[in-house]
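What follows is a single structure, written as C-alpha cells, with notes after it.
None of the figures in this text is laboratory data; all of them are computed from the coordinates on show. Note that the structure is a prediction, hence the values are computed from the model and not measured. For neighbour counting, all protein chains shown are included, and Cβ atoms are generated from backbone atoms with ideal geometry for every residue, glycine included.
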Amino acid sequence: MAAKLGKPFRVFSLDTGRLHAETYQFIEKVRNHYKVNIEICFPESAQVQEMVNAKGMFSFYVDDHKECCTVRKVAPLKKKLATLDAWVTGQRKDQSPGTRLAVPVVQADAAFSGAGKQLVKFNTLSNWSSADVWDYIRANEVPTTLCMKKALLALVVSLALALFCLINMSVKVVGGGKNQKECGFARGEY
C-alpha cells in the first residue's frame, strides 16, 4: 500500500535471532519486489547472550516468554520507535478477538511513547478481515511466504475438520473450567 502512494517511507523489521529461514527469504522477496530498503533491528547481543547462558536456548517454553520477548522484541522495537514520530502496523481486530477488538485505526501509542514525545500508531488494517487481506494480496500481487500459504491451508483444513466433527460426532471439551481459553478434542474420546 505504501509503495503505491509514491511518497517516501521507511520499513523496518525485527530480527529476534529466532526467525525461520522462510522469514529471511520473505524479507529479501519484499525488498526486491518493492525496491525498498528494509532496516533490520536486532536485540542487544550482550542481553541475549546473558539470558541464553543463564537459562538456555529454550527458556521461553518454561518461563512464559516474558523475558525472552522483552530482550528479543520489545527492547529493539522501543529503541527503533524512539527515533520515529509515527509508525504503521498491520494489527487487525480479527487476529485476536479477546485482546484486539478495540484496536483503532489511529491511536496515541502509550506503550512506546517516550518522555515528552507522543508516538502515533496507525493500525491501517484494523477493520480488515482475514478474507479482506487475502483478497488484497491476490488482487495486488503482494509477495507471500510458504508459511502464510501453509497457515491458510491449515486453517481451512482445521475448520473443515471441526465442522465435520460437530456434525457427525459428539465433541468433548477438554480442560474445562473457568480459566479455559480454548477447547480441543481428546484423543479417543469422541
Top positive-direction residue, dipole computed over segment 13-127 with Cβ charges, set 42, 126, 75: 126
Sequence ranges 56-62, 92-98, ranked by mean other-Cβ count within 10 angstrom, highest first: 92-98, 56-62
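Hey, which of these cross-link pairs are over 27 Å Cα-Cα: 55/117; 35/66; 29/55; 55/78?
Too far apart for the 27 Å limit: 55/117; 35/66; 29/55.
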Distant-in-sequence amide H partners of residue 41 (H built 1.01 Å from N, under 5 Å): 13, 14, 15
Intensity falloff of segment 16-111 expressed as log10 I(q)/I(0), Debye formula with alpha-carbon point scatterers, at q = 0.12, 0.18 Å⁻¹: -0.56, -1.17
